1. Within region 54-71, work out how many residues are within 27 Å of the chain's Cα centre (by Cα) and more than 20 Å from T104 (Cβ to Cβ).
2. Determine the pairs where a residue that is of a type in the set (S, T, Y), located within region 267-283, has a partner that is open to solvent by 70 Å² or more (accessible area, probe 1.4 Å) with Cβ atoms under 8 Å apart, the partner being 6 or more residues away or on another chain.
3. Which members of region 191-226 meet the condition of being farther than 20 Å from F162 by Cβ and open to solvent by less than 60 Å² (accessible area, probe 1.4 Å)?
4. Quick check on my filter: what residues within region 134-146 are more than 13 Å from the ligand (Cβ to nearest atom) and under 21 Å from D208 (Cα atoms)?
5. Quickly run through region 96-133 and pick out the residues that are open to solvent by less than 10 Å² (accessible area, probe 1.4 Å) and touching a Leu at 6+ places or on another chain (Cβ under 6 Å).
6. Filter the helices (runs of 4 or more DSSP H) completely within region 23-133 down to those with at least 1 residues that are in contact with a His (Cβ under 6 Å, 6 or more places away or on another chain) and within 16 Å of the ligand (Cβ to nearest atom).
7. What is the residue count in region 203-245 for residues that are near the ligand (Cβ under 10 Å from one of its atoms) and not in a strand (DSSP E or B)?
8. Check F155, F159 and return the single one that is aromatic (F, W, Y), over 15 Å from V325 (Cα atoms) and not assigned by TED's automatic domain parsing to the domain that holds V357.
Amino acid sequence: MINEEYKAMLGGKSVIRELSEYATARGKEIGYENVFDYSLGNPSVPAPADFTRTMVDLYEHGDPVAIHGYSPSLGIPSVKEAIADSLNRRFGTSYTGNHIFPTTGAAGALAHAMRAVTKPGDEIITFAPYFPEYQPYVNGTGAHLTAIPADTASFQINFEAFEEALNPNVQAVLINTPNNPSGAVYSEATLTRLASILTAKQQEYGHDIFLISDEPYREIVFDGNAQPYSANFYANTLTCYSWSKSLSLPGERIGYVAVNPAATDADLLVPMMGQISRGTGHNCPPSSIQLGVAKVLDETSDLSVYETNMNLLYDALTSIGFDVVRPGGTFYIFPKALEENATAFCLKAKEYDLILVPSESFGVPGYFRMAYCIDTEKVKRSIPALERFAREQYGL
Ligand SMILES: Cc1ncc(COP(=O)(O)O)c(C=O)c1O
């Protein structure tokens, strides 16, 4: 018998994917250059040349049996050491290779981190707005996801609502900074306050509460700022990372979980994830890509286009009259829609070939997301369409 739960999910496919498919189909009709497709978070800049050269060199001169072979189930030791060293250099941490678990992207990292510190029936708290895939990720673990309403003034954390929601069943708190979809970069003050609440609650409840910090946009931060490193604020932190965005490698499916050495049972968590991967099927990420990224750990793609695009859009949106919090990073912006029903708003925008993602699936009503990982030239051409849309539909 087929599984009714997954069958039911067919009726609730990812809104983002559906919009992206619509944009592709519309592009076939009118030319993709005429579709202002702000739907999908797919990087628009190439991986750095050093990564390509490393891969070519590996393929030409490496041992083909090793390159294409299974990696050890806990990852390639030299790669894990290199990742730990890079993190220690950049963030003053004290990881060893044994604290690093290579995974298939951030999605694979989250699958392992969640399972390592929760069991079915437990509660995981996250903060709106949040990446819509968190719901299926958590469903797959058997835990329950609770979303704390957004702090729409800044898209930091709504601490009052968080403290009200905390209860002894909460075993993990899931954050994403820099944030998809708001572009907010959690500040030192936010991370300090979060850590102090969690520390107090651990004591009160008499059990650990793990912080799962999802950071695939860590390197995309604007105005010369940097994302404070969450694990430096709270011992029980599992950092989930991928090179999908920083090195523009989403299709290569490569990332890791870094277990803070100061966490409870830190030495057990990576071997446990090796056991978890036997069941998830997210096991042994490609050996060649593990070896490749290990050579370019301190590099990124040229990410500057995202800041250029953000500034163009932020200025245009605010001058049109949109209410929008300026993103501190990522390649997303999250303005308030011009009517309460964000889905209706985005449907109207489609008539202007503006593909915008309504906010309901991010856990916040009345907003929309634009993924501006597209050519700057197209961003510029989309501004008159945005102006016309706002004027004709909403009199702005
Ligand atoms: C917040 C967030 N977490 C996780 C992921 C999944 O990342 P990956 O493609 O590396 O699995 C994404 C992808 O867009 C994301 O935006």
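The values are calculated or read from the model by the stated rules, or taken from the named source; none is laboratory data. Being a predicted model, the structure only gives us computed values, none of them experimental. Positions of Cβ are backbone-derived with ideal geometry, glycine not excepted, and every protein chain shown enters the neighbour counts. Areas reflect the complete protein model, heavy atoms only, side chains present, ligands, DNA and RNA absent. Shrake-Rupley method; radii C 1.70, N 1.55, O 1.52, S 1.80 Å.
1. Looking only at that region, the number is 0.
2. Listed by first residue and then by second, the contacts come to S277/N283; T280/R115.
3. Scanning region 191-226 gives P216, Y217, R218, E219, I220, V221, F222.
4. T141, G142, A143, H144, L145, T146
5. Hits for region 96-133 are A113, I124, T126.
6. 105-117
7. So the answer is 6.
8. The conditions single out F159.
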